[in-house]
1. Tally time: how many residues in the stretch 156-188 are more than 13 Å from residue 223 (Cα to Cα) and aromatic (Phe, Trp, Tyr)?
2. So, of the residues in the stretch 143-177 that are without any contact (Cβ under 8 Å) to a residue 60 or more places away in the chain and in a loop (DSSP other than H, G, I, E, B), which turns out to be farthest from residue 111 (Cα to Cα)?
3. In the stretch 45-58, is there at least one residue being closer than 27 Å to residue 206 by Cα and in a strand (DSSP E or B)?
4. Within the stretch 286-307, which residues are part of a helix (DSSP H, G or I) and free of Cβ contacts under 8 Å to residues at least 40 places away in the same chain?
5. Quick one: residue 74 ticks every box in (1) modelled with pLDDT of 95 or more; (2) of a type outside the set (D, E, K, R); (3) assigned to a loop (DSSP other than H, G, I, E, B) except a single one, so which number is it?
6. I'm trying to understand the selection: among the residues of the stretch 343-353, which are outside any loop (DSSP other than H, G, I, E, B) and not β-branched (Val, Ile, Thr)?
7. Yes or no: residue 68 within 30 Å of the chain's Cα centre (by Cα) and not β-branched (Val, Ile, Thr)?
8. So how many residues does the stretch 226-261 have that are part of a strand (DSSP E or B) and not hydroxyl-bearing (Ser, Thr, Tyr)?
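The values are calculated or read from the model by the stated rules, or taken from the named source; none is laboratory data. Since the structure is predicted, the reported quantities are computational estimates derived from the model, not experimental observations. FYI the Cβ positions are ideal-geometry reconstructions off the backbone, even for glycines, and counts take in every protein chain you see.
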Amino acid sequence: MKRKGGIINIKMANIKFNKKIFEKEIGKIDDKMQNKIAMFGTPVEEITQNEIEIEVFPNRPDLLSYQGFKRSFLAFLGKKTGLKQYKINKPEKNYKVIIDSSVKNIRPYTSCAIIKGLKLDDNKIKELIDIQEKLHFTIGRKRKKLAIGIYPLEKIKLPIKYTALEPDKIKFQPLESPREMSGLQILQRHPTGKEYAHILAGKTKFPIFIDANKNILSMPPIINSQLTGKITTKTKDVFVECSGDNYEILKKCLNIIITTLNEMGGKIYQMEIKGGKEKITPDLTPEKIKLSIENTNKLLGLNLNEKQIKQFLERMGYNYSKEEIEIPPWRTDILHEVDLIEDVAIAYGYENFIAEIPEISTIGKENSKEIIKRKISEILTGLNLIEISNYHLTTKKDQFQKMGISEKQEKNFIELEESKTEYNILRKNLTHYTLKIFSENVDSEYPQKVFETGKIFEIKDENIIEKEQLAVAITPGNFTEIKQILEYLERMLDINLKLKETEHTPEHFIEGRCGEILLSTSDIQHPTSEPIGFIGEIHPKILKNWRTKMPIALIEIDLEEIFKRLI
C-alpha cells in the first residue's frame, strides 16, 4: 500500500513459483488445484510451461515466498494443519547487536537473527532478494517503515553495532559500485541511493550497521556494503536484520524472513539486542486471541460447532483450544477477532455460502448525503484537486503532538482498548491527515491540491458522535487562493457562507490569517448563521512539525449543517 499524490493505492504483489517443484511438493496444477489456490485468496495470474504466477494481497506478506506460501497452503489443503513449530537456538558468544542512542530519532529499532547451515544456489538467492524487495515495497512502504539486510556471516566479526554518523564520516563501497563513497555521495550518485534518498532527507546523521572490525555492513534503509553485504552460493551462515521505527512490524517481518530461511535448510539462532530496552530476537512465541463461537456464527450466518471451527482454524495455520487461538508469529494481519472469523470463512469456502433474499420488501435509493458528497467531489475535482481517503483510526502523535495540541487539553477523544498498532484513537478532524499526506509527498511535484470527505468522531454527553467533514488544502497556498475555492464551492452548491474573524484561533492556524466559516439561512425575516468550520494558513511551527517546507492553506468544515440545508 502506498500514497501517491495523496491517494491511497493498494499494491498487490505477484510471485512466481517453479511449476515442477510446486507439483512435486504440493500437487498437480489442474483446474481443481487452480480453484483451491483462488479460494485461498491468492488467485492464479498465469501458468506457463515452467512457472506458476499468483497474486498475493498486501495483508499477507508471509505468503511472498514459495516457502511461506507452501506452509500455509498445505495447511489449507488439510495436509499439514495447525501452527507450525520452528526450533530456535539460544545466542552463542558475541551474538549481540548494540543499539547506540544516536539512532533514537532516526530509525530507533532493530530486530536481528543468525541463520546457519544454509545451502544456497542461484534460485534460492534470487528468491531471497525477491521476498526482501517485496517486503520492502509492501509492509515496508518502500523502505520507509522498515529495511531488511542479509549479510554473509563469514565476513563479519561479532558483535555488531547499530549507530548513526554524520554523512561525511560514513565511507564504504556500496553494492555494485566500483569505488568507495561517503554517505552523501551514495544518496547523490548511486542509483539505489538516489531512489531512496528522500527517506534520509533532512537528517544530520545517517544510520549504519558496523562490525567489531569497524567494517560498515550497510547504511539502512539505502544499501549494503559490497565487502560485507553480498550473499553468494558459497555463503553458509548469514546475519539478518530489520530496522525501522515500529518494533512490532520489524519483529514480524524478521519472523517471515527467518522461517523462510529455515524452510531452506538453515538453523535459527537468536541474538541479544543491547541498548534501550534489551531483547532477545527473534521471538516466535505465538500471540493468543479469544474467539467467540457465537460471534463467529452470527457474523457468518452459519451454525458451526466448536469442533468444526477448530478444524477450519487449523486449516488456516492456527492452534485452537477452548476458544483461545494461537496466532502464527509471522502473521501481520491478525488484529482482531474479526480477522480470525474471516479465516474461518476462507476455510469453510466462500463457494459454500448460500445466498438468501431478505424477508422484507424495500425500494432502494441512493442516500441523500452521498449524493451531496458526490456533487462536492465532482466540483472539487473539476478544480484539479485530488481526492484522498484516510483511516478513521489515527495516532495521538499525529492528532495532537504534531498539531501543537497538548493531549491534556483534549478530553473528548475516543481511545481503543488493547489496540494492536500505534493507531489507537478515532480521528477528531481531517486536517491532521491532510497535513500527513503533504508530509509524505514532499518529494512530489508541486503544487499539490487535495480534499477529503469523511467521518470524524467526538464524545458528547458520554455519547459517541459521528460527523461528516470536508477538508480542502493546497500547497503552496495562501488565504486568498483557498478562499476562492470556498467561494466557488458556495456558488455551485447554492448555499450562503460568510467569514468572520476568529475569537480563538485554532493552534494550527496563523493568527490574523484565519477565519471562521458561517452557514447562513436564506430566511430574510429570521436570518441565522451557524459556525461550521475554519479557513486559514497553517502556522510555520506546525509545518515544521510535519517537516513540510511549502506554505499550506486549508479549509475544514462540518457537512452536517449543509446536509440539513440541501436535503
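1. 1
2. The first filter runs over the stretch 143-177 and keeps only residues without any contact (Cβ under 8 Å) to a residue 60 or more places away in the chain, leaving 157, 166-177.
In the following step, the residues that additionally are in a loop (DSSP other than H, G, I, E, B) were identified as 157, 166, 170, 173, 175-177.
Numbers: 157: 18, 166: 23, 170: 22, 173: 24, 175: 22, 176: 26, 177: 27 Å.
Taking the candidates together, the pick is 177.
3. To start, the set of residues in the stretch 45-58 that are closer than 27 Å to residue 206 by Cα comprises none.
No; the residues of the stretch 45-58 include none that is closer than 27 Å to residue 206 by Cα and in a strand (DSSP E or B).
4. At the first step, the residues of the stretch 286-307 found to be part of a helix (DSSP H, G or I) are 293-300, 306-307.
293, 294, 297, 298, 306, 307, listed by residue number.
5. That leaves (3) as the condition not met.
6. Going through the stretch 343-353, the residues outside any loop (DSSP other than H, G, I, E, B) turn out to be 343-348, 350-352.
Those that are outside any loop (DSSP other than H, G, I, E, B) and not β-branched (Val, Ile, Thr): 343, 345, 347, 348, 350, 351, 352.
7. Working: within 30 Å of the chain's Cα centre (by Cα): yes; not β-branched (Val, Ile, Thr): yes.
Spelling it out, residue 68 is indeed within 30 Å of the chain's Cα centre (by Cα) and not β-branched (Val, Ile, Thr).
8. At the first step, the residues of the stretch 226-261 found to be part of a strand (DSSP E or B) are 238-244.
Still in the list and also not hydroxyl-bearing (Ser, Thr, Tyr): 238-242, 244.
Of the residues in that region, 6 qualify.
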